[in-house]
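These notes concern the structure reproduced below.
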Amino acid sequence: MLAFSHPSVGIFESATSKYKRTMRSRLPLLSDCLLSLRLSPSRFSASLLLSLTLWLCPCFPLFAQDEAQVFSDDEGSDTVSRSTPVHPATAYWKVTATMDLAAAPAGTHVQMLLPLSDERQSVLARQTTADGVNYREEADGLNLWGHWTVIGTGGTQRQIVYEYTVQIADTATDVPRVPFPLSEDHPSLRLYLSPSQFIQNDLPVVQEKAQRVIRGVDRADRALWALYSYVVTLPSPTETNEKNDALSVITNARGSRVGKTRALVALLRAVGIPARIVGGMRLGDTARKRTTISWVEAWVGDTWVPMDPAAGYFAWLPNTYLALYRDDLPLLIHTRTVPVAYTFFIRQVPRSATFPVPTERREAGPKRHGLRFESEHVHTIATYVDHPLASIVLLNDGAIPQETIEQIVTEAQETQVNVAVLSADFESSHFREQYLQSLVSNNLTLIREADLLLVHTVDTAGFYALMKQGEFGLRLDELQVVIAGGSLLPVGTVFASVLARLLTPREIVLVGQQMELLALWESGRASVREKIPLHQILTRAGVSATIVSAETFAHQHWWRRAVVSLWTLAVQSHVSLPALNLILVLPLVAFFLVIIRNVIGLETFGTFSPMLLSLAFLTTGLAWGLVVFFILVGLGAGLRVVLQRLRLHLVSRVAILIAVVAVSMVGLTVLGATLGIGALLHVSIFPMVIMANIIENFTNTQLERGTGEAFRLTLNTLLVATCSYIGIEYTGLKPLVLTFPELLFGVIAIELLLGRWRGLRLVEYLRFYRMVSSSGPEPGVETRKVSAG
């Protein structure tokens, strides 16, 4: 039985996206070959076969020949005009997808598109159940594929169940009134201007029709409305077998729901407006269905504008529209020889059933979240009232006493305030960043609906968790963010400036000192209860608070503004700031090594071994890092003694040690996945070659200089790595070097001075002091003072 939850997704490119881009790149090649042929019939046939081979060959490894693609049936059109609701509502739905496989042998493969959280919907829970089936996920940033592979024998009938709970809000979008034609060129949006098999926006017929519809239009919002109005008026097809590609719909002036969607996307792309298809389901009209719907998203200004020409929705969608995927993709792909019958069971659930509050969403034992784990260190607590005055979300990266949780929940109910507490408590800052990012991603709807976001962070983990959402273009325009952290005020100001430019919240208040979580909650509760700005509440309590805004950014030094702009650009380009921070930390680790080697005089196994070990400790935490180190070194040293008797060459010994270390690392990773030990999932950060060299150096030193000397060098290496870890993790140097990268020039200057050090090292002073102390004047010998000159 396989049953687990998956609220987090990866960042790997899906095979479907690669297939589409590859096919588009081959179309010019095929046409050029056919148009340039002036050959005999036989040579023409051979060249045509060669061209078709070049065109089709990339799709074979991506969609295997034994797999069938299933495009969902069309629900049909419903062109009743809809208006934006005055009071947008939020609905909660539970969808169960059931796939029945008839006589599925081992190796049978099924993949289905699954929903992701975005600006209007949030996936609150996922769970899949299947007997004798392996499950994995594959995502490309836009779409999420669930893959099921049968591993049992016998070819029996099997049933796969995938259930998820979603929260969807009525979402209206203000169409930006920007000049038309659009002048901005976004490289990431060029894909949504290119033609495809069913969206032929490059053909003259489509471009001429689009230009006639928007003739005389000078604003993008009016161009959207003109093209949308034209497609809305198209009647439905008279026959069910009519083609539903964009060209056929525009030529015949009629089309089905999917045909109208493709036609509108083609017309928008033809006039230079990036557009894409969104596929999903309409919930609430029936409890069971097999059909899906499609609508359009157009990029105007800085936002995606939704439109459904078949149902009459322009710039808004109701809370019954569930988005499953983006782009023109098949809903289901399965092994061709195994029939698959799928059904969606849909039911609306109350919010109380979605959030069982005020109790914690925790289970006994670890809870699997894709490749992450929720244990006693990760908490999600929420409580709701019938008529709330406000909504507050607390993001915390430290331990929370039970009495503090109970007090927050009690006071929230007394004050008529909805509150949600998202907390992750780990030794390693890397773990805190990862789990807080996961918590924020899985609760975006809670954060978007909140009036106040309180961030209580030990260092910069809370900043990173919110910055991660900037990679996906999230905007929190109506949210007030209050951040209380242990970082220095200049560091916090730079990080808050980056956050303000990424998420554009209504206001960011930076607390200049570390506050207790309960004190921060009391200030936030008083602010929403008394309707007083929170920075005034903090100032009245004697706590310094700084409002980070555009004026704050403008008053900073030009170099600091440049740093903020660079880090903002890096996040928007999907570059991980924690990864950049880890790179900038490496010179500091080397600096600690210079001090310990040149000034103190400790001897280690080489230069890079302690540096890389310290980086590994920054990822796994010191305790688990030491455990993994001793396990790998112990196994390798024992094997090295055995290999020594075989009299192998050095290269062969190192290669065998690398293989043993690799297998050991895989075993530790599997053990961590089995026992729910998240630190063991990052064992791969330990470089295999470095670990093998440490093992080789240990055994060689043991044979040449004795076991005591080998243990001494091992302990020295661990001591250097531990000191570097402590110096980076607990002194605030990590965010400091990211905020002030010019500090590295000072580090280089000090290293130049230490590199010319010619004096005795501290260890040598201690050794010679013992020699001088033990060799005093001999008894009976008079010591006389000799004067100079």
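The values are calculated or read from the model by the stated rules, or taken from the named source; none is laboratory data. In this text, all values refer to a predicted model and were calculated from it rather than measured experimentally. Ideal geometry is used to build each Cβ from the backbone, glycine not excepted, and the neighbour counts take in all protein chains shown. Side chains are part of the model used for accessible areas, which takes the heavy atoms of the whole protein and leaves out ligands, DNA and RNA. Shrake-Rupley method; radii C 1.70, N 1.55, O 1.52, S 1.80 Å.
Of note:
- The modelled label-to-label distance between residue 337 and residue 67, using points 7 Å beyond Cα along the C-beta direction, is 1.7 nm.
- Region 430-533: proportion of alpha-carbon pairs further apart than 24 angstrom, %: 16 percent
- With the highest mean first, a sort of the peptides 542-553, 293-304 on other beta-carbon atoms found within 10 angstrom per residue produces 293-304, 542-553.
- What you get for region 406-458, charging only the Cβ of Lys and Arg (+1) and of Asp and Glu (-1), is a dipole of about 220 debye around the Cα centre.
- Full extension of the chain between residue 183 and residue 252 gives 21.6 nm of extra length, using 0.36 nm per residue less the Cα-Cα distance.
- Length available on full extension from residue 711 to residue 666: 0.36 nm per residue minus the Cα-Cα distance, which gives 13.6 nm.
- Amide H partners (placed H, <5 Å) of residue 67, local residues excluded: 336
- Near residue 125, the amide H atoms lying under 5 Å from its own belong to 165; only residues 5 or more places off or on other chains count, and H is placed 1.01 Å from N.
- Whole-Hz ³J(HN,Hα) from phi, Karplus 6.51 cos²θ - 1.76 cosθ + 1.60, for region 600-613, glycine and proline x: 7, x, 7, 9, 10, 7, x, 9, 7, 4, x, 5, 6, 5
- Rounded to whole Hz, the Karplus (6.51, -1.76, 1.60) HN-Hα couplings of region 241-256, x for glycine and proline: 9, 6, 5, 10, 7, 4, 5, 5, 5, 5, 5, 7, 6, 6, x, 7
- Spacing of the two label points (7 Å from each Cα toward its C-beta) at residue 586 and residue 103, in nm: 5.7 nm
- Charges were assigned to the Cβ only: +1 to each Lys and Arg, -1 to each Asp and Glu. The resulting dipole of region 120-183 about its Cα centre is roughly 40 debye.
- Cβ-derived FRET efficiency at R0 51 Å, residue 649 paired with residue 229, nearest 0.05: 0.05
- Relative packing of peptides 415-423, 646-654 - highest average C-beta neighbours within 10 Å first: 415-423, 646-654
- Sparsely packed chymotrypsin sites (Phe, Trp or Tyr not before Pro) within region 716-763, loop by DSSP, other Cβ within 10 Å at most 15: 730, 757
- Zone residues, region 93-114, relative to residue 156, backbone N less than 12 Å from point 7 Å out along Cα-to-Cβ: 103-104
- Using only side-chain charges placed at the Cβ, +1 for Lys and Arg and -1 for Asp and Glu, the dipole size of region 141-282 relative to its Cα centre rounds to 240 debye.
- Accessible solvent surface per residue of region 173-301, calculated while the other protein chains remain in place, 1.4 angstrom probe, Å²: 46 Å²
- In nm, spacing of pseudo-spin labels at residue 540 and residue 603 (7 Å Cα→C-beta vector): 6.7 nm
- In Hz, Karplus ³J(HN,Hα) per residue of region 333-342 (6.51, -1.76, 1.60; θ = phi - 60°; x = Gly, Pro): 10, 8, 4, 4, 7, 10, x, 10, 10, 10
- Relative packing of peptides 446-452, 89-95 - highest average C-beta neighbours within 10 Å first: 446-452, 89-95
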